[in-house]
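Scroll down for the structure; my scribbles are underneath it.
The values are calculated or read from the model by the stated rules, or taken from the named source; none is laboratory data. Being a predicted model, the structure only gives us computed values, none of them experimental. Every residue, glycine as well, gets a Cβ built from its backbone with ideal geometry; the counts of neighbours run over all protein chains shown. Ligands, DNA and RNA are stripped out before the accessible areas are found, and what is left, the full protein with its side chains, is counted by its heavy atoms. Shrake-Rupley method; radii C 1.70, N 1.55, O 1.52, S 1.80 Å.
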Amino acid sequence: MTADVGAQLRKGVVEPCILGLLAREPMYGWQLSEALTAEGLIASIGTLYPILGRLRERGVIAAFEQSSQAGPVRKYYEVTEAGERELAAFREQWQPFTRAVERMVEGP
Amino acid sequence: MTKTVDEYLERLDAALGAMPYATAREIRAGVEEELRSLDAADADERMRALGDPADIASAAAGTLGEAPAYGPGSPYAPTSPVPATRSTGYVVATGTLIAVGAIVVPVVGWIAGVIMLWCSSAWHRWEKIVATVAPFAVAGLIRLASLLAPEPVVVEPRGSGEFHAPGLEEYSANPFIPSDYDVFWTSLLVLVAANLGAGAWLLLRGLAPQRDRRLREPLGARGALGLIGGLLVLAGLLFSGICVALFAQPLVALLSLVVAAVGAGVLIVRASLTPAGRSI
């Protein structure tokens, strides 16, 4: 996504994107931040943590501590049952939504 | 290396100063955890990738100020209502029933509380186990101690009205040592008091903010060892204390200390296991 496409669009999808990433495997803060900044979904790690806080408050993700391969204990995030339900609902709506938008913005 | 990392973290702390404590703490912890896991060269590169701490803080401030796109009231995704067994009312009812249920509606009240406790997702499994078992464990220890207590002494008057000096056996009972009778009723009182404590503790834990519910609640080897080890240590120490202080039974006290030592050993073994999936 280019900067011009707009912060609003990103804002609408970043939470389901985080849920989607975490549904595949639990990740820790920096891991998530890298994956999201690589696609331009967040500006920096500073953007990530408040969103994670909101997701935890809603009960769609949960945090836990685990020692990683290299040894140090890290704080991981994983998706909860409620989070998987929310992600499934988003998936259902996303396809028809994007198709509709594409049809409408298609040039001549 | 550590110096530059510390400097960076200090600048981050300064930049996060105006932020709500919870968010600031999360950001700080996340950045620190990442930097401390790298060696000097990698840490330098990571700090470059992270950018200026001031930028991190302003990005966070910007996100905090936004209205959330999802959540209650948003038409785009279904809301995830708090399940009934985690609502404040339910938590308060459960805690109260455990605390005073046995007194208000004998036995049944407490059973109702325990059923509500185990049906609820408001507490981790280990919390449920402790709240259910601990009051009985404590009272049971005291009851066990009653086995050591002497029978209550009944002093029979001797003779037919003649005055005589009391014999040795009439004065051998020490009124300061609780008798069997005393200990039994004390243990019931302890049970009630312990349940009060358990209920209050459940309320505190259940109503605390930001309690994540994980998909699976693994008690795991580490969790089980922690419970067993902790119980053995506490039981052993408590029992040996009772034996020495109340009944002057050093041998039994020593045995209890051995039990406590076994418990400590269990905890040491547990410490050597890597922590996996400990819920925060």
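Data overview
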| read-out | value |
| --- | --- |
| Every residue from the range A:86-96 that is without any contact (Cβ under 8 Å) to a residue 60 or more places away in the chain and facing chain B (nearest Cβ under 9 Å) | A:ALA89, A:GLN93 |
| Failed condition for A:ARG24, given (1) at pLDDT below 90; (2) over 18 Å from B:ILE56 (Cα atoms); (3) open to solvent by 40 Å² or more (accessible area, probe 1.4 Å) | (1) |
| In the range B:7-42, the residues that are farther than 22 Å from B:SER58 by Cβ and open to solvent by 60 Å² or more (accessible area, probe 1.4 Å) | B:ARG36, B:ASP39, B:ALA41, B:ASP42 |
| Candidates A:GLY71, A:GLY83 - the one that is loosely packed, with under 13 Cβ neighbours inside 10 Å, within 16 Å of A:MET27 (Cα to Cα) and more than 7 Å from every other protein chain (Cβ to nearest Cβ) | A:GLY71 |
| The range B:119-136, residues that are assigned to a helix (DSSP H, G or I) and open to solvent by 40 Å² or more (accessible area, probe 1.4 Å) | B:CYS119, B:ARG125, B:TRP126, B:ILE129, B:VAL130, B:VAL133, B:PHE136 |
| Matching entry among A:LEU19, A:LEU48, A:LEU52 (being more than 9 Å from every other protein chain (Cβ to nearest Cβ), under 13 Å from the mean Cα position of the chain (by Cα) and crowded, with 20+ Cβ neighbours inside 10 Å) | A:LEU19 |
| Options A:ILE61, A:ILE42; residue that is within 12 Å of another protein chain (Cβ to nearest Cβ), at pLDDT 90 or above and crowded, with 16+ Cβ neighbours inside 10 Å | A:ILE61 |
| The range B:43-55 - residue that is surrounded by 16 or more Cβ atoms within 10 Å (Cβ to Cβ) and not small (Gly, Ala, Ser) and, of those, farthest from A:THR37 (Cα to Cα) | B:ASP44 |
| Residue list for the range B:42-52, filter: in a helix (DSSP H, G or I) and more than 9 Å from every other protein chain (Cβ to nearest Cβ) | B:ASP42, B:ALA43, B:ASP44, B:GLU45, B:MET47, B:ARG48 |
| The range B:1-41: number of residues that are away from chain A (no Cβ under 11 Å) and not β-branched (Val, Ile, Thr) | 15 |
| Any hit, the range B:76-93, residues being more than 13 Å from chain A (Cβ to nearest Cβ) and modelled with pLDDT of 90 or more | no |
| A:GLU34, sole failed condition from (1) more than 9 Å from every other protein chain (Cβ to nearest Cβ); (2) open to solvent by 20 Å² or more (accessible area, probe 1.4 Å); (3) at pLDDT 90 or above | (1) |
| Number of positions in the range B:250-265 that are surrounded by 17 or more Cβ atoms within 10 Å (Cβ to Cβ) and modelled with pLDDT under 80 | 1 |
